[in-house]
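Have a look at the structure below before the remarks.
The values are calculated or read from the model by the stated rules, or taken from the named source; none is laboratory data. This structure is a prediction, so every number in the text was calculated from the model and none was measured. Neighbour counts are summed over all protein chains in view; Cβ atoms, including those assigned to glycine, are modelled from backbone coordinates with ideal geometry. Areas reflect the complete protein model, heavy atoms only, side chains present, ligands, DNA and RNA absent. Shrake-Rupley method; radii C 1.70, N 1.55, O 1.52, S 1.80 Å.
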Amino acid sequence: MAVGQTDIIQLKGIGEKTAKLFYKLNIRTVGELLQNYPRDYETFSNPLFTSDITPGELCSIRACLIGNITSKKVRNLTVTNFAVKDGTGEVFMTYFNMPYVKNIVKKGYFYIFRGIPQRKNGRLEMEQAKIFKPEEYFKLTGKLQPKYPLTAGLTNHMVTKSVKQALDLYLLDEDYLPEWVREELELMTYRQALEEIHFPPDYGKMLAARKRLVFDEFFIFLLALRKCKEHNKDLESGCPMIETAQTGRLLEALPYTLTSAQYKVWEEIKKDMLGNTVMNRLIQGDVGSGKTILAFLALLLCVSNGYQGAMMAPTEVLAGQHFESLVELTEKYALPFRAVLLVGSMAVKEKREAYEEIKNGNVNVVIGTHALIQEKVEYNNLALVITDEQHRFGVRQRERLAGKGKGVHVIVMSATPIPRTLALILYGDLDISIVDELPANRLPIKNCVVGTEYRDKAYRFIEKEARLGHQVYVICPMVEEGEMEGVENAVSYTEKLKSILPPEIQVACLHGKMRAKDKNKIMEEYAAHNIDVLVSTTVIEVGINVPNATVMMVENAERFGLAQLHQLRGRVGRGDSQSYCIFINGSGKKDSFDRLEILNHSNDGFYIAGEDLKMRGPGDLFGIRQSGLMDFKIGDIYQDAGLLKTAGEYADKILAEDEELEKPEYRMLGKYMENVLDAVDFRTI
């Protein structure tokens, strides 16, 4: 077995208990551990005097406990408070659910407190500050320390120790990237990049290591995409179609008129479906721009020609909502749809009945999740496949669905606002349509960008909206405490909100580490308005449509990319009531406010994505997260747009020279690509 495939339990110091914590982070092998790159680096600078503190900026102070430590219980929350002093001033410390702090800090002793100070009620305060003994702290000063994604029970020290051990085991004599590519682009070897991304001697080396790893990620992804033949534009359609009256009748009967952008895209879809070659079309458009009705029109054209269509959504809740919308449309306008829902949580008997109906052609539209591509599903005459939120599905998954018929038309829908120049690289084998206009009756969302001092006012506003019968989203960057310093996490925040809001307002938590069944249950409860306030990570980006939700508050908004914030914002403003989005800038820094202000002045996702490209600087490499938009581990298509273009050029150059990667200089790359294509359902964004 290759070292990269070795189970991490084989590493010294990792027993079953610790291994399970790593498994929670989807780290099972030595290779996955080494690809669990630091999410940030920490430089421990000399402690500041309290009088020199800048509110909103991470810092350390050397101070002594004064007075007593107090603890009080507020519903499910234990709040511990005390004050520290250093001769130049005083800082008030607050800890949530950490009653053991009183056993760490003793009167008369100096400690170093590290956290983000804020000015509240005329005094300096720090929440959840880390506590060090001075001798421990000074050992860390001046070095670039890796900070890893964590989970409760797993410390940064444990991960660091394991990574050092894994690097000693991971022997790599040859580099799969051809030498001429490395020389032309001035890239270090893969082995060196792995060592120096985890333990960089300095900032420059870290950037060089990151450049190599980002290039690899984009290059391998694009190479694999180019080698996939499922989107061959010259492939003859196996499903000849003619224009029918059904789509025109529906358009006349709808209580609204399509926007000019929707009409333009519908004409493009229709032309493709009535043509002789297979359609492979990407439909990009903001949340709420009306992509779903275009999908339904395409399905209507398909079924009125006697064929079957399938629509795949990323979550069971969204699949269910699409199904209900189609059934409602069918009943209201007497459409020829005979639809069935197919999702993983259905009973075995229900699935068996659905399989039979699909196979014998009794149903002509199948809406569901990954269940649509199971081997047991046999289609009668599948002619159209639609995948909603493309970035949630692997290329191979789409290929398997399209492979259920012959010469099947494919529509890919995405609300991810990617500038056209980048979309052409990432979706080079798809025709691109953009729905760049929102329906005229849509009320624009009212936005505000504020500091943490606005929180109390925001909580009162949330309470007011909930009492009016509306629903609220609160977004946190992290799942649980300990994952990132100075950043809000969904689990603790839920408890905090429960203690602040009246008990009749139902607050619940949703995050990606929950079991699929539990996530679906929470989303269903929220959609049914059994939950008033949903505290969530970016897992809600796709997968739920709640027109009753009128408020979204994003904590630590400065930690997210603008394009992702815009997409999150699209979860509200879907009904008739005025909606609001509150972006909390946890850093308090002016440049973060300036950046977030772009969201205040535009609701155009493509403009925002373009501005995101312009505004990124070297200091944003790790602070800003776009993970919800893509599955790249280290690359960011906005931050690293130049490298993405370069990777595409080199992928095309190599395949033009040696498509099968058989030449001696490409043999290692070819072997590596075989492993990638066999082992990984590599994902698109």
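Is it fair to say S289 is open to solvent by 20 Å² or more (accessible area, probe 1.4 Å), of a type in the set (G, A, S) and either more than 17 Å from C239 (Cα to Cα) or not in a loop (DSSP other than H, G, I, E, B) (or both)? Answer is no for this residue. Selection over segment 13-41 of residues that are open to solvent by 20 Å² or more (accessible area, probe 1.4 Å), over 24 Å from A193 (Cα atoms) and modelled with pLDDT of 90 or more gives a count of 7.
Tell me, yes or no, whether segment 465-473 has at least one residue that is modelled with pLDDT of 90 or more, in a helix (DSSP H, G or I) and open to solvent by 30 Å² or more (accessible area, probe 1.4 Å). Yes, the conditions are met somewhere in segment 465-473. When segment 482-521 is limited to residues that are among the acidic types (D, E) and at pLDDT below 85, the one that is surrounded by the fewest Cβ atoms within 10 Å (Cβ to Cβ) turns out to be E485. Considering segment 336-367, the residues that are touching a residue at least 60 places away in the same chain (Cβ under 8 Å) and open to solvent by less than 20 Å² (accessible area, probe 1.4 Å) include one that is nearest to I544 (Cα to Cα), namely V365. Taken as a whole, the structure places D7 among residues that are out of contact with any Lys or Arg (no Cβ under 6 Å at 6 or more places or on another chain) and open to solvent by less than 70 Å² (accessible area, probe 1.4 Å). Looking at segment 574-685, the helices (runs of 4 or more DSSP H) lying wholly inside it that each contain 1 or more residues that are open to solvent by 50 Å² or more (accessible area, probe 1.4 Å), of a type in the set (D, E) and modelled with pLDDT under 90 sit at 590-601, 667-679.
In segment 339-361, the qualifying residues are those that are in contact with a Lys or Arg (Cβ under 8 Å, 6 or more places away or on another chain) and not in a helix (DSSP H, G or I), and the one that is modelled with the lowest pLDDT is S345.
Go through segment 486-567 and tell me which strands (runs of 3 or more DSSP E), entirely inside it, have 2 or more residues that are touching a residue at least 40 places away in the same chain (Cβ under 8 Å) and over 28 Å from C59 (Cβ atoms). Passing ranges, in order: 533-536, 549-554.
Okay, residues lined up against (1) free of Cβ contacts under 8 Å to residues at least 60 places away in the same chain; (2) outside any helix (DSSP H, G or I); (3) within 24 Å of L426 (Cα to Cα):
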site	(1), (2), (3)
L187	yes, yes, yes
E195	yes, no, no
G204	yes, no, no
R210	no, no, yes
F219	no, no, yes
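The condition of being open to solvent by less than 80 Å² (accessible area, probe 1.4 Å), of a type outside the set (D, E, K, R) and modelled with pLDDT under 90 does not hold for G89.
Checked against (1) under 22 Å from I269 (Cα atoms); (2) at pLDDT below 90; (3) open to solvent by 10 Å² or more (accessible area, probe 1.4 Å); (4) not small (G, A, S), N381 passes all but a single condition, namely (2). Residues considered: V317, V327, V278, V265. Of these, the only one that is over 19 Å from M413 (Cβ atoms), among the hydrophobic types (A, V, I, L, M, F, W, C) and either loosely packed, with under 15 Cβ neighbours inside 10 Å or under 32 Å from the mean Cα position of the chain (by Cα) (or both) is V327. Applying the condition of being out of contact with any helix residue (DSSP H, G or I) (no Cβ under 8 Å at 6 or more places or on another chain) and hydroxyl-bearing (S, T, Y) to segment 246-277 and asking which residue is nearest to T330 (Cα to Cα) yields Y256. The set of residues in segment 42-80 that are open to solvent by less than 20 Å² (accessible area, probe 1.4 Å), assigned to a strand (DSSP E or B) and more than 15 Å from I112 (Cα to Cα) comprises E42, L77, V79, T80. For segment 144-174: of the residues being under 26 Å from the mean Cα position of the chain (by Cα) and in a strand (DSSP E or B), which is surrounded by the fewest Cβ atoms within 10 Å (Cβ to Cβ)? By that ranking, first place goes to Q145.
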